[in-house]
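What follows is one structure encoded as structure tokens, with my remarks underneath.
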Amino acid sequence: MAATDGVFDFCEARRAFNEVIHNVVNENTLDTYKNFVDNYNASESEKRVTIDQSFRDVLRELTSADRGCNVYKNFICLTIEAVTSELCTPTVPFMCLTDIFDVIPIDQCEDMFGLVEDKVSVWKSQVFYDTGKNFLLRMCNDLLRRLSKSQNTVFCGRIQLFLSRLFPLAEKSALNLMSQFNLENITLYSQIKPEPNTEENGKTDDKMETGDGEIEDNKTDTPIDYNLYRKFWSLQDFFRKPGQCYEKKFWVNFVANSDAVLEAFNSSKLDDLKASKKKIDQRRQQEPDAFFAKYLTSEKLLNLQLNDSNFRRYVLVQFLIIFQYLNAPVKFKNQASVLSDDQSNWIKSSTEKIYQLIKETPPDGEKFAKTVEHILGREEFWNKWKNDACPDFERKVSEDTKKPQRRAKRRRIGDDLQASGGKVIKMGHPELTRLWNLNPNNMDACKAEERMFLPTLEDFFQDAIEQNDPDAQVEEEYKLTNDQTFQWKALRLLARRSPQFFTNSTTPAQELKSYLNSMLSKLAKQMPSQQGEEMKTDVEDEEGIKETQDDEDIKQSDQGKEEDTENKEIVLSKKVIRDISEKIGKDWKKLAVELSFEEDEISYFMSEEQPEVEKAVKILTIWIENEPEKATASALSVALKEVGLSDVADTLSPPV
Amino acid sequence: MKEQNSDSLSKRKLLHTTVYSQCFSPCGKYLVAANNFGDIAVYSLVAALAPNADDGTRKPIYSFKASTEGSIYSLLSTETLLISAGNGDICAWKWSEILDKAAKLVWSIKVPQLQAYTNPEINSLALSKQETGLQLFAGSGDNNVYTWDIESGQQTNSFSGHKDYVHCVCTKNSGRECVSASEDGTVRIWDCRVGGEAIHVLEPNKHDLTARLDMGKWVGCVTCDNNEDWLTLGGAPHLSSWHLRSLEPICIFNSPGVTHNYVSFYEDTILSGGSEGYVNHWYVNGEVKRKVPCSAANVFNINVNTGSENNKVLCVAGSSPKIDVCTNFGYTAFSLLFAL
């Protein structure tokens, strides 16, 4: 069996391989085959080609011998094994399958297809998928073309199911991308009105004679409502081509017919005979649903159809589908295909009616209605997916893996305040900072002298007392005490400042003016300017005593503070300064800005010829000297953090 | 000017038209209806049911005045005659002449006037075929039920006992007995051969099951089923079925707030219509089969054309000039117009 050297004889090889494969088929094992292939003297590619061809040849012989489905199935399994052991190209099973399906009759096809379905997992595996999916698709399409939708519905369904399992969810090849409608699906019904027979009727009845103009009896058994019949089936034309509905003329027809049909459905409620039986019997098995590919439109059937629950459901669901289409934004629709407000309103009200009718259809109307609603909801989602050009469903791994930079934490004012020992607050803006730092301590600011608006007794009453003095000889009507505003202010001030106000006097209440005059005279006696310098000195002494007391208080608080700062913070000694400067190095400029040095100061420092470290030392020292109160270690560390020298700042922080 | 007047007059007349009764021709091809003005209209069912029917076929092909004294409340058909009764005499017309569109009165029976200056109307007619011939039963406004023999025209019997006018009569036991329902709230069963007192008196307003005293006592309609076991009556009391052996109400048909003017048995269901714009179909056990809306607000008559297979329709007449025709009894297919 060894080929001659040099030229590869295809035919010879083929024949040889065929024999072997036949043996393999009979024995149902690939081992001998493996050995044979390995030993055969030819190049890989030559062998490959021959193998593929010989597989197909053998299959042809098998099918022409009509060996039966089981044999074919085994053969395919063998080819799959061969692929997995790398004895032939992956296309071989697919080619063989295609060949088989092309030559065997339909009932055997159904059988074989069972094998295809079983091997879905194999087809989806890495080795087979890429090569095989097109083959499989083509094969299935060929099969579908061959089959009749009404005769072999189950088989068609199986093929479709298989395809849906084989391909990923976002596969576009089976999509009706343009949302086109099957315009050929025309429903025929008798539209032509039969001509009335006006021929003379020869026969006479005993009871009556037929008058002229009378119409021959139809040979129908039951009376037929032709009106409804025509309206009903005309609807199918609208369902077939929903685009018509956008035109005014057709729309009017559609609305009229739909209303008539829905009205008929509404009046003619279906009896729930099945349901009542179910209550008595045990729960029976669900009867298989009737399915038919096309409507039967004979007039005589209309009555029966109206009474049939399934038929009614079909028609109502058709309505819902067309309503959804008319409302939905589809990318491929015309610009002019938009509903007016009236139309949308009518659609909305009809939709509600229809759902009500569906819920009433026995059996399980409610469940059916819910299912339909759910499915239509999913349909909207798919529509949107199509409009977005069918994006893939797999989630992509995020490419942005850079860690976000560590942002500097926002500094809280409270921390700042603590850091500067309660002296400096940085408001984030120089002007605000300046304003705030005029007096950081709110309480003190409020107590400041400038804010004392209440005048002293002396100031206020000075003029009035002078007037009261009989020596001044001011006339009554010109005295300040006549002025109502003065009177009021005077009373207020007395209440605030003078203890005399509250003395309990037994004299009955006086008129305001005279009361004030008497108060004034009393005040005059107490006033230092009137009494002379004795009181003044007293007051001065008092004030002096007060002042010294205040000073002492302040000193004490200062000392307390200093002690505090000593305890809590690291003193910015020279050594510390040097350490820091070494670490800061060239960045002293930034720090200088942060420490509120002026532009010209910084440029002055820059112009000096010194190593950076020295400059850093210098600015730090100057900073401490300039603002001894504010130049604390915490303030410095805060400034450093702001500049970006966080690690330096960390060294400053006191050990916990 | 005159034409305008007559035009608006006819329109207004149309608004006020009430169709009290309807009847099918023996051949089953025609429907005859009578209204409150005393007119009788004839419609061709075949034409109206044809595929190319239009509005013209829904109008009467012929109409004539049957009574000059007022409404016609009841129509009945024998094999050759159409009998009408209402305000005025009982009149009979020949079918052949009617369909020839030249109806002539064949005979008329005057209702006995028991007192001077009264002219009792006939509210209801019933027919029974006896060995002796055709007996006509009439329930009258003077609280009596009269019977005549049609061939001879003689009054054969009169049943007194009701305290108020008779709404409806029907025969049972192949004409040996007749049942009458009256405004006084009783249903009496009479023996036709004996006469005299009623053999049974049913009072629905005395039974808890059926009484609806807030609606009144009157019984508006009564009918018997074919097997003679059941009697169904309705009106102010609930529409109810009574067992004739025990004379007890067995089941009621629940229609809250609705009084019934007409009831009849049809196949295995009961048809009823009354003071609401629906035709009710009931199962004999009292459950609702369906409620079909109709154009009249008050239904006075429901008739099924049992005489013809081809034109088996259900016609509903009431306080409207439209007579609804149902081919599939579940919904109204179209309406005939009682316009003259």
Q. From the set of residues in region B:313-338 that are within 9 Å of chain A (Cβ to nearest Cβ) and touching a residue at least 60 places away in the same chain (Cβ under 8 Å), which is surrounded by the most Cβ atoms within 10 Å (Cβ to Cβ)?
A. B:313
(Q) Quick test for you: out of A:115, A:62, pick the one residue that is over 57 Å from the mean Cα position of the chain (by Cα) and modelled with pLDDT of 80 or more. (A) A:62
**Q.** Sole residue being assigned to a strand (DSSP E or B) and either out of contact with any helix residue (DSSP H, G or I) (no Cβ under 9 Å at 6 or more places or on another chain) or on the phi > 0 side of the Ramachandran plot (or both), chosen from B:82, B:125
**A.** B:125
Q. Restricting the first residue to region A:185-196 and requiring it to be of a type in the set (Lys, Arg), which pairs with a second residue that is modelled with pLDDT under 55 and loosely packed, with under 13 Cβ neighbours inside 10 Å meet a Cβ separation below 6 Å and a spacing of at least six or different chains?
A. none
Q) Does region B:109-123 contain any residue that is surrounded by 22 or more Cβ atoms within 10 Å (Cβ to Cβ), touching a Cys at 6+ places or on another chain (Cβ under 9 Å) and closer than 19 Å to residue B:198 by Cα? A) no
Q: Could you pull out every one of the helices (runs of 4 or more DSSP H) wholly within region A:567-618 that has 2 or more residues that are at pLDDT 80 or above?
A: A:574-584, A:599-607
Q) Residues in region A:272-292: is at least one modelled with pLDDT under 80, basic (Lys, Arg), within 27 Å of residue A:245 (Cα to Cα) and surrounded by fewer than 17 Cβ atoms within 10 Å (Cβ to Cβ)? A) no
Q. Just to be sure, is residue A:109 modelled with pLDDT of 85 or more and within 30 Å of residue A:39 (Cα to Cα)?
A. no
Q) Considering only region B:207-247, how many residues are closer than 20 Å to residue B:173 by Cβ, charged (D, E, K, R) and without any contact (Cβ under 8 Å) to a residue 40 or more places away in the chain? A) 2
Q: Give, as residue ranges, the strands (runs of 3 or more DSSP E) completely inside region B:182-278 that count at least 2 residues that are among the aromatic types (Phe, Trp, Tyr) and within 28 Å of residue B:294 (Cα to Cα).
A: B:260-266
Q) What number of residues in region B:1-40 are in contact (Cβ under 8 Å) with a residue 60 or more places away in the chain and either among the aromatic types (Phe, Trp, Tyr) or in contact with a helix residue (DSSP H, G or I) (Cβ under 7 Å, 6 or more places away or on another chain) (or both)? A) 7
Q | Filter result (farther than 19 Å from residue B:24 by Cα and at the interface with chain A (Cβ under 10 Å from one of its Cβ atoms)) within region B:280-312 | A | B:281, B:283, B:287, B:288, B:289, B:290, B:291, B:292, B:293, B:294
Q.
Here is a check on your reading of the model: is residue B:65 surrounded by fewer than 15 Cβ atoms within 10 Å (Cβ to Cβ), in contact with a Gly (Cβ under 7 Å, 6 or more places away or on another chain) and under 16 Å from residue B:340 (Cα atoms)?
A. yes
**Q.** Number of the condition not met by residue A:234 [criteria: (1) closer than 20 Å to residue B:334 by Cα; (2) away from chain B (no Cβ under 14 Å); (3) at pLDDT below 75]
**A.** (3)
Q: Could you check how many residues of region B:26-58 are part of a loop (DSSP other than H, G, I, E, B) and under 20 Å from residue B:300 (Cα atoms)?
A: 3
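So which of B:99, B:76 ends up being within 14 Å of another protein chain (Cβ to nearest Cβ), in contact with a strand residue (DSSP E or B) (Cβ under 9 Å, 6 or more places away or on another chain) and surrounded by 16 or more Cβ atoms within 10 Å (Cβ to Cβ)?
Exactly one of B:99, B:76 is within 14 Å of another protein chain (Cβ to nearest Cβ), in contact with a strand residue (DSSP E or B) (Cβ under 9 Å, 6 or more places away or on another chain) and surrounded by 16 or more Cβ atoms within 10 Å (Cβ to Cβ), namely B:99.
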Q. Only one residue in B:44, B:67, B:71 is more than 11 Å from chain A (Cβ to nearest Cβ), touching a Phe, Trp or Tyr at 6+ places or on another chain (Cβ under 7 Å) and not β-branched (Val, Ile, Thr). Which one?
A. B:71
(Q) I'd like to check something: does region A:60-68 contain any residue that is assigned by TED's automatic domain parsing to the domain that holds residue A:19, among the hydroxyl-bearing types (Ser, Thr, Tyr), buried (at least 18 other Cβ atoms within 10 Å of the Cβ) and in a helix (DSSP H, G or I)? (A) yes
Q.
Tally up the residues in region B:11-25 that are away from chain A (no Cβ under 14 Å) and either crowded, with 22+ Cβ neighbours inside 10 Å or assigned to a strand (DSSP E or B) (or both), please.
A. 5
Q: Starting from region A:13-36, keep only residues that are loosely packed, with under 13 Cβ neighbours inside 10 Å, then list their pairs with residues that are not charged (D, E, K, R) whose Cβ atoms are within a distance under 8 Å, requiring at least 6 positions of separation or different chains.
A: A:28/A:74; A:28/A:78; A:32/A:20; A:32/A:23; A:32/A:24
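The values are calculated or read from the model by the stated rules, or taken from the named source; none is laboratory data. Owing to the predicted nature of the structure, the values given are computational and were not obtained by experimental measurement. Glycine gets a Cβ as well: all are built from the backbone with ideal geometry, and neighbour counts include every protein chain shown.
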